[in-house]
Amino acid sequence: MHLPDGFLSPPVWAALDLLAVGTIAGCVLRLKNTLADAAVPRMGMLGAFVFAAQMVNVPVAAGTSGHLLGGVLVASLVGPEAATLTMAAVFITQCLLFQDGGLLALGANVVNMGLSGTIGGWLLLRLLRMGPAWSRDLAVFGAAWFTVVATSALVSVELALSGTVPLGPSLIAMVGVHSVIGLVEGAVTLAVVRFVARARPATLDGTVLQVAR
Amino acid sequence: MIPLDRRAIAVGIVIIVAIAAGGSLVASSSPDGLERVATDLGFEGRAATSHTSPMPDYTVAGLPPTLSGAVAGLVGAGVVGGLALVAGRLLAKRT
């Protein structure tokens with residue numbers, strides 16, 4: 001779902017660039033001298049994993065493919081602030097080294113595919129995790145799935161605000177195809193969270209990796 | 001604070017290297033959701049390129065296609081992992 005340049009109008013991409021820079025700066029300030037040492041190798045490993053996994057497009061419907069976003073996954077394992085920085089590293093590298101996503105649209109891609117999961121999806125996961133123990137896996141899957149669908153709707157709104165395409169048809173098309181792509185997100189997120197949970201169950205929730213502020 | 005098991009880290013790195021090196025071989029080349037919608041609704045022509053990159057579309061000039069994607073994947077995963085590690089190291093609590 002990487003936006004190239006040209007799809008968004010200057011006011012829209014500029015606003016999203018500002019939002020991305022502001023949020024990243026906020027996360028840096030909140031983490032400074034509080035990030036737990038244990039989160040550092042996780043950030044590196046998860047960043048590398050998300051980058052590699054995003055290269056693997058999975059066929060989802062006739063002539064259409066999708067790939068992992070990863071924001072909910074990373075946030076559930078290192079917390080929202082460290083996840084935001086990790087995801088930003090993914091999109092900055094994709095844009096600058098591999099020309100995946102536009103340079104002006106870099107902030108839009110960070111917001112759409114990063115912050116949507118590391119902050120929005122993470123908050124939803126916290127809410128869903130309050131349910132009974134048997135529903136925990138479902139909560140992870142659901143938060144990851146919903147993040148992809150919500151992101152596709154957000155992209156439609158940005159395209160409409162930019163005057164690129166009317167909201168109605170693009171919303172229907174984007175949400176339709178991404179409700180299928182989201183199933184991949186849910187499955188991969190759940191699989192990796194369970195893998196890490198087996199290795200280190202005590203630190204499943206990213207928040208416990210951060211010392212009290 | 002106990003760091004991740006060494007064994008879990010080793011297994012994780014093996015998985016990441018396998019995906020980074022082999023992922024491009026099995027990846028679908030079909031358009032992604034947004035590209036598909038852009039084509040169906042006729043706005044794909046608006047896409048513009050405003051910068052150039054050393055490895056556009058995860059290809060390395062001069063390498064055969066199979067090797068090219070693997071090199072791009074390994075380089076990218078290494079760069080992202082390194083950036084995230086450096087960011088984390090700089091922000092980690094001073095002990």
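Side notes on the structure shown:
- Test: residue in the range A:126-141 that is facing chain B (nearest Cβ under 9 Å) and aromatic (Phe, Trp, Tyr): no
- Test: residue in the range A:8-23 that is part of a loop (DSSP other than H, G, I, E, B), at pLDDT 95 or above and under 29 Å from residue B:57 (Cβ atoms): yes
- Condition broken by residue A:16, with the remaining ones in (1) under 14 Å from the mean Cα position of the chain (by Cα); (2) more than 10 Å from every other protein chain (Cβ to nearest Cβ); (3) within 21 Å of residue B:44 (Cβ to Cβ) satisfied: (1)
- Applying the criterion of at least 1 residues that are of a type in the set (A, V, I, L, M) and under 28 Å from residue A:25 (Cα atoms) to the helices (runs of 4 or more DSSP H) found wholly in chain B leaves B:65-91.
- Test result for residue B:35, more than 19 Å from the chain's Cα centre (by Cα) and surrounded by 13 or more Cβ atoms within 10 Å (Cβ to Cβ): no
- Condition check for residue B:79: modelled with pLDDT of 95 or more, out of contact with any Pro (no Cβ under 7 Å at 6 or more places or on another chain) and closer than 21 Å to residue A:101 by Cα: yes
- Scanning the range B:78-95 for residues that are over 10 Å from the mean Cα position of the chain (by Cα) and surrounded by fewer than 21 Cβ atoms within 10 Å (Cβ to Cβ) turns up B:82, B:85, B:86, B:89, B:90, B:92, B:93, B:94, B:95.
- Some residue of the range B:30-40 being modelled with pLDDT of 95 or more, more than 8 Å from chain A (Cβ to nearest Cβ) and at negative phi: yes
- Filtering the range A:60-71 to residues that are touching a Ser or Thr at 6+ places or on another chain (Cβ under 6 Å) and within 22 Å of residue B:17 (Cα to Cα) leaves only A:71.
- Of the candidates B:67, B:63, the single residue that is farther than 19 Å from residue A:91 by Cα and either out of contact with any helix residue (DSSP H, G or I) (no Cβ under 9 Å at 6 or more places or on another chain) or among the charged types (D, E, K, R) (or both) is B:67.
- Against the list (1) surrounded by fewer than 22 Cβ atoms within 10 Å (Cβ to Cβ); (2) facing another protein chain (nearest Cβ under 7 Å), the condition residue B:75 fails is (2).
The values are calculated or read from the model by the stated rules, or taken from the named source; none is laboratory data. It should be emphasised that the depicted structure is a prediction, and the values quoted were computed from it without experimental measurement. Every residue, glycine among them, receives a Cβ derived from its backbone with ideal geometry; neighbour counts consider all protein chains shown.
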